[in-house]
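**Student:** Pasting a structure here, questions to come.
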Amino acid sequence: MIIDLHIHSKTCSDGNLSVEEIIEEAKARNVGLMSITDHDSIGCQKQAMTLAQKNGIHYVSGVELNISFLHPNFCDGKPASLDLLGYQFDINNKALKKKLEQIGEYREERAAKILENINAEFKKEGLKNLTKNDLIKIQNSADGVLGRPHIADYLVNKNIVRDRQEAFEKYLVKCNVPKYPLYLEEASSLLRNAGGIVVLAHPNDPYGTSLVKLTNSLQEQTTIIEDSLLTYIDGIECWHSRNTAETTDHYVTFSKKHGLIMTGGSDCHQKPIIMGTVKVPKFVAKQFIE
């Protein structure tokens, strides 16, 4: 069975395919178990469940929550961002839905502040300011939850930068505004109280939101998990498109030691389409399919 438990949609997140297109692609690629894990949004889950069932694909409800995390022995005690994957939760849970609505509203405010910061940079360069109308266009371009990638794409479309990478390197890193302050304990409680499980996403991702921000040492990463995270998580994403064999082996061994659920996925944003390309072992499905 081909398994992919980490996919992002255009409909509710920063992917490039709609939910309908993702399910169609998943079927074409013979994906047997999947989850769409949009950033801070579960608005697509009901549609995804319905379409997956119609196409004979096992589906697990999913979401990816960004949290603020700190450890006194790393990063000078300053907070860093981590991502948690939530699975098998009740998509109608009121507390979870309310919190995600609050995060969504904050994202709108954050985007406006980021544009203010970008305008300060534009002024130095003699470029024309982005206006409220530009912000509305960016908001309209985001079918789902608004994020920095949507601002990056807008800068590309206006020929201010060549691509997303340049947008981040030149403006979006420097002009960033902190994300919604969601912390480990609250995020874990929200998911568990909704009947879900909590999985630490891509813990050693060198290019993403991960423990690499605190330390490159795999041993130190798992020490941090034992110290501060273990009580609040149920599993670890052991297979990921940017994992090395060493990373996967380390986290599989660690998960077995602590009796943690093991998951895996491509983290596909569909450019290029890598859905279903990560070789996730078949036993992972047994943790979700009775």
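**Student:** For a paramagnetic label modelled at 7 Å from the Cα of Lys46 toward its Cβ, which residues of region 96-134 fall within the zone defined by backbone nitrogen distances under 20 Å?
**Tutor:** Under cut-off, by backbone N: 96-105.
**Student:** Sum -39500 (n - 2.57) across every DSSP H segment of at least 4 residues in the chain, then divide by the residue count to get the 222 nm mean residue ellipticity, nearest 500.
**Tutor:** Mean residue ellipticity, 222 nm, calculated: -11500 deg cm²/dmol.
**Student:** Among DSSP bridges having both ends in the chain, what percentage is antiparallel? Round to the nearest 5.
**Tutor:** 45
**Student:** Please list, ordered by chain and number, the residues whose modelled amide H lies under 5 Å from the amide H of Val63; skip anything fewer than 5 residues away on the same chain.
**Tutor:** Sorted by chain and number, the residues that satisfy this are Gly86.
**Student:** Between region 81-99 and region 199-256, how far is it from one alpha carbon centroid to the other, in angstrom?
**Tutor:** 21
**Student:** What number of lysine-lysine pairs in region 100-172 show an alpha-carbon separation below 19 angstrom, given a sequence spacing of 8 or more or placement on distinct chains?
**Tutor:** Summing the qualifying lysine pairs gives 17.
**Student:** So how much slack lies between Val173 and Asp76, counting 0.36 nm per residue of separation and subtracting their Cα-Cα distance, in nm?
**Tutor:** 32.9 nm
**Student:** Continuing with this model, one more query. Can you work out the Karplus-derived ³J(HN,Hα) for every residue in region 231-247? Use 6.51 cos²θ - 1.76 cosθ + 1.60 with θ = phi - 60°, whole Hz, and x for glycine or proline.
**Tutor:** For region 231-247, the Karplus-derived couplings read 5, 9, 10, 10, x, 9, 7, 8, 10, 8, 4, 10, 6, 8, 4, 5, 4 Hz, x marking Gly and Pro.
**Student:** Can you list, by residue number, the Cys in the chain that have no neighbouring cysteine C-beta under 4.7 Å?
**Tutor:** Cys75, Cys175, Cys238, Cys268
**Student:** Taking a virtual spin label 7 Å from the Cα of Glu20 along the C-beta vector, which residues in region 62-76 bring their backbone nitrogen under 15 Å of it?
**Tutor:** none
**Student:** Oh, and also: In region 181-290, what chymotrypsin sites (Phe, Trp or Tyr not before Pro) fall in a loop by DSSP, with at most 11 other Cβ atoms inside 10 Å?
**Tutor:** Sites meeting the loop and neighbour criteria: Tyr207.
Taken together, the values in this text are just the output of simple stated rules run on the coordinates, not laboratory data. The model shown is predicted, which means the values in this text are computed figures rather than measured ones. Note: ideal-geometry Cβ built from the backbone for every residue, glycine included; neighbour counts use all protein chains shown.
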